[in-house]
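Computed from the coordinates by the stated procedures, all read-outs in this text should not be read as laboratory data. Computed from a predicted model, the values in this text were never measured in an experiment. Note: ideal-geometry Cβ built from the backbone for every residue, glycine included; neighbour counts use all protein chains shown.
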Ligand code: HEM
C-alpha cells in the first residue's frame, strides 16, 4: 500500500520533510495493521515511561512491571497470590515498595502506624456495601466511620461480652454434643462446624435471636447465614469486576449460584426482620401504659447490639444504618472467627506438646466456667496470639488513602503525595524474622517472653 499521499499532506516544515522522507520507505513496507500495532507499542512505551520516570512516586523502589499499572497486582489477586507477590517484593526492594502505579505497600509496623488514621481507600472498600449502604468497615468518611465505631465499640468490650458469656456457653454445649455424636469415628468438617457455632454466637449477641444453626447442622442442615457470610466477600468482589449482565446471569446458573449471588440479601434479611419486630414492640409500648413491657425493652441488663444501636444518642442512627451494622457483624464475625479457631484446632491436632500444656493450664486454673477469667490463662492467651500471627485471616493489604490535608507525608525519606493508596500487609509483618525468630514455626511460648517488639 502506498502512503505517499498522506505523507505529502503534512510536508510543511523542513524538519518534518527531513524526518518523513527518512521513514517513507519504511512505511511502504508496513501494512496498516503493523502501523497501528507499532503506534500502540510507542504509545504504551511512552505511557510506561511517564509512570516510571515522571510519576511523583518514581523514587519509591519496586519492580518496574508493577509500577506501570495496577494490572500485575490485579492478576496476582485473581491467582490468590497477592500476599506472596508483595512479600517477595519486600525481600527484593525493602520495607517500602511501590506495588502499582498509585499504590505503596509497607512491611514494618513503625511505618504502618503513620497511615492507619487515614481514610479507608475507596477503590478497595467501596465494593463492600450491604444493600447499597456503607457499613462501618467500608465507610471512607472518617467522621462517619468514627461515629459508627463509637456506637459499636461498647458492645464488643470484654466486660460487656462477659455478660453474654452464659448464653455463649449454650452454643459451645451444642458444639460438644455434635462432636460427641461424631464419636471420633465420623470425620468432622471443622470449618463448617465452627461457622455454625459463630452464626449462633453472633446472632445471640447482635440481634438476640437463637437461630440454632449448630442444632440444625447436627441434623444435616447447613444454615443459610453460614454460607452467606462466607459468600458475601467473594460475591461482592465478583460483582465489582463483572459487567452487570454477566453478574445477573450468574444467579440463574444453579440454586447454589443463586444463593451465592443473593448472599448480601440473606445477610440483610435476618437483622431486618428483627428490627421490624423491635420497632413494632416499641410502637405498641408507646401506645400503652404497660410499664412492665417498657422495662423489658429498655432495662435489659445486657442488651443485644441492635438494641444498643437503636438507643444510641445523642444523634440517633438511621434505621438502615442500624440494620446494616448488624448485618456487617455477621460478615465480619463468622468467617473470621471460624477460620481462626479452625486453624487453632488444626495446630492442636498435630502438636501434642502444645495440647498438653494448654490442657494442663486449663485444668489447673478453670474450676468453674461461669467465673472463667481468660486474663489468668497466659498460655491460652499466647496460643491465641500465635494462631492470629501465623494464620491471619486478613493477611494482605488493608489500604488507606493519603488525604489532601496531610502536609508532606514522608516515609523513610520517600515523599508520598495525597491520593496515594497505602497499606501494610499483616502476612509480612507477622513473619518478620527480626521480630519473630524462625517465623514459620508455631510456637506460643514466644509470646511468654515479654518481648516489646512482638507486642507492638
Ligand atoms: C479472629 C477473628 C477476627 C479477626 C482476625 C478480625 C480481623 C479484622 C481486621 C484485620 C479488621 C480491619 C479491617 C480494616 O481495617 O480494613 C477488622 C475490622 C472489623 N471487624 Fe474484625 N476480626 C475478627 C472478628 C470479628 C468479630 C467477631 C466481629 C464482630 C462480630 C468483628 C467486627 C469487625 C468490625 C465491625 C470491623 C470494622 C472496624 C472498623 O473499620 O473500624 N470482627 N477485623
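Contact order, relative form, for region 301-456: 19 percent (alpha carbon pairs under 8 Å, 6 or more residues apart, mean separation divided by residue count). Computed over the chain, the per-residue total of -39500 (n - 2.57) for DSSP H runs of n ≥ 4 gives a 222 nm mean residue ellipticity of -18500 deg cm²/dmol, rounded to 500.
With both residues required to sit in the chain, DSSP beta bridges show an antiparallel share near 75%.
Normalising the average separation of contacting C-alpha pairs (under 8 angstrom, six or more residues apart) by the number of residues puts the relative contact order of region 333-418 at 25 percent. In the chain, the longest principal axis of the Cα atoms and the axis of helix 224-241 are about 10 degrees apart. Highest mean packing first, where packing is the average number of other Cβ atoms within 10 Å per residue, the peptides 37-43, 129-135, 96-102 line up as 96-102, 129-135, 37-43.
The distance from the alpha carbon centre of region 332-406 to that of region 407-434 is 26 Å, rounded to a whole number.
Sorting 258, 128, 232 from the fewest to the most surrounding beta carbons within 10 angstrom yields 258, 128, 232. When both region 187-202 and region 56-102 are represented by their alpha-carbon centers, they are found 36 Å apart. By the Stokes-Einstein formula, at 1.002 mPa s and 20 °C, the chain with its Kirkwood radius over alpha-carbon pairs has D equal to 82 µm²/s.
With contacts defined as alpha carbon pairs under 8 Å and 6 or more residues apart, what's the relative contact order of the chain in percent? The normalised contact order for the chain reaches 19 percent.
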